[in-house]
Amino acid sequence: MLVVALGQLPLWGPDTGEHPAPKPVLARPATLRLLITVKAAPNPSARYGETVCVGALSMGPPWTGWIRLYPIHYRELDDDSKFHKYDIVHLKALPARQDQRRESWKPIVDTITTERHIASQQSRRNLLDPLVEDSMCRLNKQTRDDPSARSIALIRVADISSLQVKRHPGWSAEDRKKIAGHLNQLDLLEPAKRSPLQAPRFTGAYRYRCADRHCRGHQQTLWDWEFVALQHRLSQLTDAEAADQLRHKFLTQLCAADRDVAFYVGNQAARPQSFSIGGVYAPRRSINRYRLRVNR
């Protein structure tokens, strides 16, 4: 079990229970400047064939704070429009009116341009550390009380008991129908064949406690693009070997004793009380900033 001494990072802001501002009412798409923080693994979609949900930090009007972009057909983007975690991008988007979650926007994907990549850990910390909050428990309570409550957060982790890695069961019959339907539509419009979306080899789920002193523990699925991408690179290994490598990367390394760990979490439109982990925020810590011990 990884156990973090619960000191306070100098840049971390107070843990507030405030709701986000309501979505603005816009007559035309707004131009947004965003720091990309989460790119979730692609999933089948009845309407779009396959989609990626992207989480970001909006850095100026008309929306400041966490934002969700959906849908994005990432594999179909032109190379100039493809982006990576911790890129600053510009794009046009409209508030997603059919989604009750206040942070949800519908992007116009052919307007995406990349400004630059933030490689400096300190530059990332300056932007993100003030947004880390202590209590996943409180976020759960807020959504139970009000389905339109905050749907995205960056949650500080007190300790992690495990990363469960299990064999993915494969796409359901409904998911396969969604994928086939989209490919059939593309075949009518484009002569080039598209490869069907492959199910990931494994699913992952963290068991952890947030930094709320009353926390009794959480188990949340990991939907990080990087978690699935690593599986593809491990295709020559046995299941046991590949699972060990995934745990080594996403538990032993990313959640090591010299890192300040927080999880990017977001909920589902249909099940607002159900939160998943979209990615891991794990900057290395200055040697004297925190005390952390590892219990094995």
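In segment 132-174, how many are within 19 Å of residue 283 (Cβ to Cβ), out of contact with any Phe, Trp or Tyr (no Cβ under 7 Å at 6 or more places or on another chain) and not basic (Lys, Arg)?
Residues flagged as within 19 Å of residue 283 (Cβ to Cβ), out of contact with any Phe, Trp or Tyr (no Cβ under 7 Å at 6 or more places or on another chain) and not basic (Lys, Arg) within segment 132-174 amount to 4.
If you check 118, 88, 155, which single one turns out to be surrounded by 22 or more Cβ atoms within 10 Å (Cβ to Cβ), closer than 30 Å to residue 249 by Cα and of a type in the set (A, V, I, L, M)?
Of 118, 88, 155, the one residue that is surrounded by 22 or more Cβ atoms within 10 Å (Cβ to Cβ), closer than 30 Å to residue 249 by Cα and of a type in the set (A, V, I, L, M) is 155.
Assess whether residue 282 counts as being closer than 29 Å to residue 142 by Cβ and at pLDDT below 90.
No: the conditions fail for residue 282.
Would you please name the residue that is nearest to the chain's Cα centre (by Cα), looking only at residues in segment 245-266 that are assigned to a strand (DSSP E or B) and either at pLDDT below 95 or of a type in the set (Phe, Trp, Tyr) (or both)?
264
Exactly one condition in (1) assigned to a loop (DSSP other than H, G, I, E, B); (2) free of Cβ contacts under 8 Å to residues at least 60 places away in the same chain; (3) of a type outside the set (Lys, Arg) is false for residue 123; which is it?
The one condition residue 123 does not meet is (1).
Please name all residue pairs, on different chains or six or more residues apart, with Cβ atoms under 7 Å, provided the first residue is in segment 82-110 and is among the acidic types (Asp, Glu) and the second residue is assigned to a strand (DSSP E or B) and buried (at least 18 other Cβ atoms within 10 Å of the Cβ).
Listed by first residue and then by second, the contacts come to 87/36; 103/66; 103/67; 103/68; 103/152.
If you go through segment 127-142, how many residues are surrounded by fewer than 20 Cβ atoms within 10 Å (Cβ to Cβ) and either among the β-branched types (Val, Ile, Thr) or without any contact (Cβ under 8 Å) to a residue 40 or more places away in the chain (or both)?
Qualifying residue count, segment 127-142: 1.
For residues that are touching an Asp or Glu at 6+ places or on another chain (Cβ under 9 Å) and under 17 Å from residue 105 (Cα atoms), scanning just segment 146-160, find the one that is modelled with the lowest pLDDT.
Selected residue: 150.
Please verify whether residue 160 is of a type in the set (A, V, I, L, M, F, W, C) and under 19 Å from residue 214 (Cα atoms), treating the condition exactly as stated.
When the stated conditions are applied, residue 160 passes them.
The values are calculated or read from the model by the stated rules, or taken from the named source; none is laboratory data. All values reported here derive from a predicted model rather than from experimental measurement. Note: ideal-geometry Cβ built from the backbone for every residue, glycine included; neighbour counts use all protein chains shown.
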